[in-house]
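Colleague: This is the structure I want to talk about, given as structure tokens.
The values are calculated or read from the model by the stated rules, or taken from the named source; none is laboratory data. Computed from a predicted model, the values in this text were never measured in an experiment. Don't worry about glycine lacking a Cβ; one is built from the backbone with ideal geometry, like all the others, and counts go over all protein chains shown.
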Amino acid sequence: MTKTRAFFKKHFLTRPFDFNMGKISFEMIAKSPSHTKKRRDETVQQYVRRLTHLYFSEKNIDEIDNLYHCRNLSVLYLYDNNISKIKNLGFASNLTHLYLQKNEITKIEGLDKLRRLTKLYLGSNSITVVEGLENLENLQELHIEKQNLPPGEKLLFEPRSLQALSKSLCVLNISENNIDSMEELKCLKSMTQFYSENNCLTDMKELSKVLAVWSSLRRLELTGNPLCNKKKYRDRVIVMSKSMVTLDGKEINETAKRFLLNWKASRDARRQQRRQFHFLEGGTSSNLVSESSKAFSSIPSLPLIQGLVNPSNDNVIGIPHSDALPRGTRPLAAIMQTRVPNSTLVNMKPVQDVSQSRFPSIFAPARPIMSEGNWESDSDIHSGPPLPLQT
């Protein structure tokens, strides 16, 4: 339909400048509608030299030419024509806005001298690679959506051009270009508006990494991508950016956003705590335990002093027994017998437990308990030696 309309305009329109076979003539420039008004005392050449805006949209133009007369040109409208190549713009050092969408351009070129260019519109062409932008260090907006790509191919980005735009580019529209990754766009740190609708984005983790770098992002449009079908997609994307105010054409409620951000902070804190716990419980803590065990096993234990040990249960009086505590392998008496044979500690008698001499019945051996099967009557239960009275 577009080619048919272009053919019709090219061969059947009867405007005076349509007979120039798609080229821009000096007469076209002079007659072009503009905000600049011609003065009575100036020539056509002087008037054309003062022009800042030119409107050549839908004029059946297939070649950019004869614009060198417009030295003060700042805005040029050339959209919806038949232009196949960007050329003859080296004179336009003051150009800030260039509209070339809906043409037949296949390659970005001829823009090296446009160092003041801030907005570039190249949507609906046949461009396959974003390139040729190395010198456009002041470019703030790039619109390159809906390219007529070969089947199965996606729009590619030249690293040098992306690096040149890393500090200046604020608005990027790459919708409907089969884009399946945003990783290479992470260098565009000044991004405020990003449009990537109807593409092939699927990775939420990659999106999170990119949005973490785009700290000034205000608007994000991702409608039509596979990742939009993921569970809690909107909530998950909102918490990825603290600066974002619009997502997929809908304004983000500030209260809901604050709630989600607080929830995310709490969740991250819990995850960090669990990671630290597992880290200590896993390799590090086991290493520490094994090293501590080795250290404790290498420390010599104190010998047991005869007389302070209960011979019945081999426990130190007043200190609960612990099987984990290391014990000495050589009694103190043997050591003293060897080193100090006449010491009083060698001939010391064991200290008798006073409680055993005062309450002998309590420490008597336990009476065996009869099995339940032999308890036929109360007399059987009470038979046997009488229980001692406790005084």
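Colleague: Within the stretch 50-76, how many residues turn out to be part of a strand (DSSP E or B) and crowded, with 20+ Cβ neighbours inside 10 Å? Lay out the reasoning, then the answer.
Modeller: If we filter the stretch 50-76 for residues that are part of a strand (DSSP E or B), which is where we start, we get 53-55, 63, 75-76.
Remaining after also requiring crowded, with 20+ Cβ neighbours inside 10 Å: 54, 76.
The total comes to 2.
Colleague: In the stretch 54-107, which residues are of a type in the set (V, I, T), free of Cβ contacts under 8 Å to residues at least 24 places away in the same chain and more than 22 Å from Q140 (Cβ to Cβ)?
Modeller: I83, T106
Colleague: Which helices (runs of 4 or more DSSP H) sit wholly inside the stretch 173-286 and have at least 3 residues that are surrounded by fewer than 13 Cβ atoms within 10 Å (Cβ to Cβ) and over 15 Å from the mean Cα position of the chain (by Cα)?
Modeller: 254-279
Colleague: Please give the number of the condition N173 fails out of (1) within 30 Å of L95 (Cα to Cα); (2) out of contact with any His (no Cβ under 7 Å at 6 or more places or on another chain).
Modeller: (2)
Colleague: Of all residues in the stretch 143-172, which are hydrophobic (A, V, I, L, M, F, W, C) and over 23 Å from the mean Cα position of the chain (by Cα)?
Modeller: Hits for the stretch 143-172 are I144, L149, L155, A164.
Colleague: Right, something else. Among the residues of the stretch 104-134, what is the count of those that are hydrophobic (A, V, I, L, M, F, W, C), under 26 Å from T52 (Cβ atoms) and out of contact with any helix residue (DSSP H, G or I) (no Cβ under 7 Å at 6 or more places or on another chain)?
Modeller: Selection size over the stretch 104-134: 7.
Colleague: Would you confirm, using the coordinates I've provided, whether G110 is part of a loop (DSSP other than H, G, I, E, B) and at pLDDT 95 or above?
Modeller: yes
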